[in-house]
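Here's the structure, in structure tokens; my notes come after.
The values are calculated or read from the model by the stated rules, or taken from the named source; none is laboratory data. Remember, predicted model here, so these are calculated numbers, not experimental data. Cβ coordinates were reconstructed from backbone atoms using ideal geometry, including for glycine residues, and neighbour counts include every protein chain displayed. Keep in mind that these areas ignore ligands, DNA and RNA; they rest on the heavy atoms of the full protein, side chains included. Shrake-Rupley method; radii C 1.70, N 1.55, O 1.52, S 1.80 Å.
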Amino acid sequence: MRFSKSFIKTYKEVPKEAETISHQLMLRASMIRQLTRGVYTYLPLGLKVLKKIENIVREELNRIDAQEILMPVLQPADLWQESGRWFSYGAELMRLHDRNNRDFVLGPTHEEVIVDLFRNTVTSYKDLPLNIYQIQTKFRDERRPRFGLMRGREFIMKDAYSFHLTQECLDKEYNNVKEAYCRIFERCGLDFRAVDADTGSIGGSESHEFMVLASSGEDDILYSDKSDYAANVEKAVSVLDFVMDESTELEKELVATPDMKTIEEVSSFLNVDPSKTIKSVLLKEEQEDKSFVYYVAVIRGDLEINDVKVKNIFGAKIDLEMMTDKDLEELGFVGGYFSPLKDIPNLGKVKVVIDESVKYMKNFVGGANVEGHHYKNMNLSDIHFDLSGDIRKAQKGDKALDGGTLDIARGIEVGHIFKLGKKYSTAMNTKVLNDKGVAETVIMGCYGIGISRVAAAAIEQNFDDFGIIWPKSIAPYLVDLILLNTKDEVAREVSEKIYADMLANNIDVIYDDRNEKAGFKFKDADLIGIPLKIIVGKGAAEGLVEVKHRDGSYSGEIKIEDVISYIKEFEKN
Ligand code: ATP
Ligand code: MG
């Protein structure tokens, strides 16, 4: 590509609306342009990067015999009603209807469509296992679209789905995909980790997220210093050595704690350690008929509740919300002063879970369900609960299961693999005949990669004050051939010849033949982040050109006749 003919328009100024470095640099380097919130046009440079990432993904998935198809974006609502997600997917689902008032969705993911395809085409165990993928635009009406391509409302995903009759077969394919993902992210030049992830209300099965380590990441990862244990904080487990408090149980005593609602306020006012208090979180889950199911989660005052663990322990379908003042009033619960005391009216209308930590406590402080009052010397026998378990958020510094210590890092989720089991095949009645001729429900896996998010994540890990430093494998161009001075006839002739040679050798080059100052061209090259500059200047008359690596690892002169072999070598290493 000749720069002079390209559709590239770079900017010096940092765009105000862009908070993260990848968003700023993608806008400045002419890779993307926003159309509306969370919706972007991919400009030539951005699209080239996406195509390179896609091709790496394709190569590695084809290698494990996954096959590419392309499913429709527009999906009939009937399928989503059948799977139950027309309701449970909630407000993120982009819904629309046609001229006959039939409901449709713009696909945020394709389980429903692939299951429908599968049940209409595959009938026998002989066709299994099967792994099918596509690379396509997805739509999600995100609550907070932000950070450019990182969290869009329209974005490009690779999604794959596998079908099996036995768990062993799924386990094997899951591992194949996991290994393929590691090769993909390595080839993309990313520093990443595969971490244990939450499997949501489906429960039981395994799931891993692929996290690119970067301070701008939206996920917290806890990892052990002793083994390769790493998990999303939503899922992470730590060990607390609980010791039973052996004190004698005292009679509970009402104490005034005016305007003191937080654990810190109450414990300092009553002069007790936060670990001698309990706190209750009041939650609710909306049902399909718009009614609510109410929940209470209770934990030792110095610990934090993990919302995802609470959701899972109750088997809730959708994310839980906080009860509102109106809910509290209707139930007769006193916000800020609540504990699930046995004698509270309406307690039968809520389900209560206590964290295991609470079971070891005696004579603790908890809300009295009376405005401005707590009880001292509350005991387990004073409270009602339906369930108990680990609902605790693991923290940096906690002991890990392997005996090591947990540390925390930020990650960007670029991929997610998941043993789905029979969730969709049961809901959508999808069976094949086994080797005995009996119809059996199929077992599924699903595997996603955020193609457009990978591009943003790569920048978060690779930049400097001057711009992007693309990993070679996904750079928009590998080489920037720069003609320093367009009036220098010798140099022009030489660079035209080198350019022709590069094209003949399939080298991915952009040729900066613009009638601009050298400094201007260098700035663009650095901003766009092209890994190798070949600079044709005065030295051309003596048969020499300059080379410069974008990552600063080398710069020097080489002979013109060595340019092609130099680039081939550069590309390999
Ligand atoms: P997140 O927790 O970040 O919302 P998710 O769990 O909803 O992600 P999946 O449904 O597993 O994501 O989708 C597969 C992949 O698609 C993710 O790993 C991520 O890389 C990408 N992805 C998901 N949502 C977006 C988005 N709004 N914009 C860009 N990429 C996305
Ligand atoms: Mg999401």
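Which pairs turn up if I take residues in segment 341-370 that are over 21 Å from Lys284 (Cα atoms) and look for partners that are basic (Lys, Arg) and surrounded by 14 or more Cβ atoms within 10 Å (Cβ to Cβ) with beta carbon separation below 7 Å, at least 6 apart in sequence or on another chain?
Between residues of segment 341-370 that are over 21 Å from Lys284 (Cα atoms) and residues that are basic (Lys, Arg) and surrounded by 14 or more Cβ atoms within 10 Å (Cβ to Cβ), the close pairs are Ser357/Arg300; Ser357/Arg392; Val358/Arg300; Met361/Arg300; Phe364/Lys276; Val365/Lys276; Val365/Lys376.
Out of segment 339-372, which residues are part of a helix (DSSP H, G or I), open to solvent by 60 Å² or more (accessible area, probe 1.4 Å) and farther than 10 Å from Arg300 by Cα?
Gly348, Lys349
Tell me the residue from Ser280, Ser267, Ser275 that is assigned by the TED database to the domain that holds Lys342 and in a strand (DSSP E or B), please.
None of the other options fit; the residue is Ser280.
Going residue by residue through segment 49-60, is there one that turns out to be under 26 Å from Gly189 (Cα atoms) and touching a Gly at 6+ places or on another chain (Cβ under 8 Å)?
No.
Output the residues belonging to segment 450-502 that are part of a loop (DSSP other than H, G, I, E, B) and of a type in the set (A, V, I, L, M, F, W, C).
If the condition is that a residue be part of a loop (DSSP other than H, G, I, E, B) and of a type in the set (A, V, I, L, M, F, W, C), then Phe466, Ile469, Trp470, Ala475, Leu478, Leu484 are the ones that fit.
Need pairs with beta-carbon distance below 9 Å; first residue more than 14 Å from ligand 2 (Cβ to nearest atom) and within segment 73-97, second among the hydroxyl-bearing types (Ser, Thr, Tyr); sequence gap 6+ or separate chains.
Short answer, once both residue conditions are applied: Val73/Thr137; Trp80/Tyr89; Ser83/Tyr424.
Let's see how each residue does on (1) under 18 Å from Leu61 (Cα atoms); (2) modelled with pLDDT of 95 or more; (3) within 15 Å of ligand 1 (Cβ to nearest atom):
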{"position": "Glu111", "(1), (2), (3)": "no, yes, yes"}
{"position": "Thr121", "(1), (2), (3)": "no, yes, no"}
{"position": "Lys126", "(1), (2), (3)": "no, yes, no"}
{"position": "Pro129", "(1), (2), (3)": "yes, yes, no"}
{"position": "Gly148", "(1), (2), (3)": "no, yes, yes"}
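Which count do you get for residues in segment 434-449 that are outside any strand (DSSP E or B), open to solvent by 20 Å² or more (accessible area, probe 1.4 Å) and in contact with a strand residue (DSSP E or B) (Cβ under 7 Å, 6 or more places away or on another chain)?
Qualifying residue count for the region: 1.
From the list Ile184, Ile156, exactly one residue is within 16 Å of ligand 2 (Cβ to nearest atom) and under 17 Å from Ile56 (Cβ atoms). Which is it?
Exactly one of Ile184, Ile156 is within 16 Å of ligand 2 (Cβ to nearest atom) and under 17 Å from Ile56 (Cβ atoms), namely Ile156.
Please indicate, with yes or no, whether at least one residue in segment 446-461 is more than 16 Å from ligand 1 (Cβ to nearest atom) and more than 18 Å from Glu557 (Cβ to Cβ).
No: zero hits.
Where residues in segment 208-255 are hydroxyl-bearing (Ser, Thr, Tyr) and surrounded by 16 or more Cβ atoms within 10 Å (Cβ to Cβ), which of them is farthest from the chain's Cα centre (by Cα)?
The residue in question is Ser238.
Of Ile299, Ile318, which residue is crowded, with 19+ Cβ neighbours inside 10 Å and β-branched (Val, Ile, Thr)?
Of the residues listed, the single one that is crowded, with 19+ Cβ neighbours inside 10 Å and β-branched (Val, Ile, Thr) is Ile299.
What do you reckon, is Ala180 in contact with a helix residue (DSSP H, G or I) (Cβ under 7 Å, 6 or more places away or on another chain), in a strand (DSSP E or B), more than 20 Å from Val49 (Cβ to Cβ) and modelled with pLDDT of 95 or more?
It is false that Ala180 is in contact with a helix residue (DSSP H, G or I) (Cβ under 7 Å, 6 or more places away or on another chain), in a strand (DSSP E or B), more than 20 Å from Val49 (Cβ to Cβ) and modelled with pLDDT of 95 or more.
How many residues, within segment 33-62, are open to solvent by 30 Å² or more (accessible area, probe 1.4 Å), farther than 20 Å from Ile528 by Cβ and of a type in the set (A, V, I, L, M, F, W, C)?
Summing the residues that are open to solvent by 30 Å² or more (accessible area, probe 1.4 Å), farther than 20 Å from Ile528 by Cβ and of a type in the set (A, V, I, L, M, F, W, C) in segment 33-62 gives 1.
Of the residues Asp524, Asp551, which single one is buried (at least 20 other Cβ atoms within 10 Å of the Cβ) and at pLDDT 95 or above?
Sole residue among the options that is buried (at least 20 other Cβ atoms within 10 Å of the Cβ) and at pLDDT 95 or above: Asp524.
Looking at segment 398-414, is at least one residue in a loop (DSSP other than H, G, I, E, B), among the charged types (D, E, K, R), outside the structural domain of Phe87 (by the TED database) and closer than 30 Å to Ile21 by Cα?
Looking through segment 398-414, none of the residues is in a loop (DSSP other than H, G, I, E, B), among the charged types (D, E, K, R), outside the structural domain of Phe87 (by the TED database) and closer than 30 Å to Ile21 by Cα.
Can you tell me which of (1) modelled with pLDDT of 95 or more; (2) farther than 19 Å from Lys359 by Cβ; (3) hydrophobic (A, V, I, L, M, F, W, C) is the one Met260 doesn't meet?
Failed condition: (1).
Considering segment 63-87 alone, what residues qualify as being open to solvent by 30 Å² or more (accessible area, probe 1.4 Å) and either of a type in the set (S, T, N, Q) or in contact with a His (Cβ under 8 Å, 6 or more places away or on another chain) (or both)?
Gln67, Gln81
Please work out if Leu96 is more than 30 Å from Leu50 (Cα to Cα) and aliphatic (A, V, I, L, M).
Spelling it out, it is not the case that Leu96 is more than 30 Å from Leu50 (Cα to Cα) and aliphatic (A, V, I, L, M).
For segment 98-138, what are the residues that are under 24 Å from the mean Cα position of the chain (by Cα), polar (S, T, N, Q) and away from ligand 2 (no atom under 16 Å from the Cβ)?
Asn131, Gln134, Gln136
Checking Asn506 against (1) crowded, with 22+ Cβ neighbours inside 10 Å; (2) on the phi > 0 side of the Ramachandran plot, which test does it fail?
Result: Asn506 fails condition (1) only.
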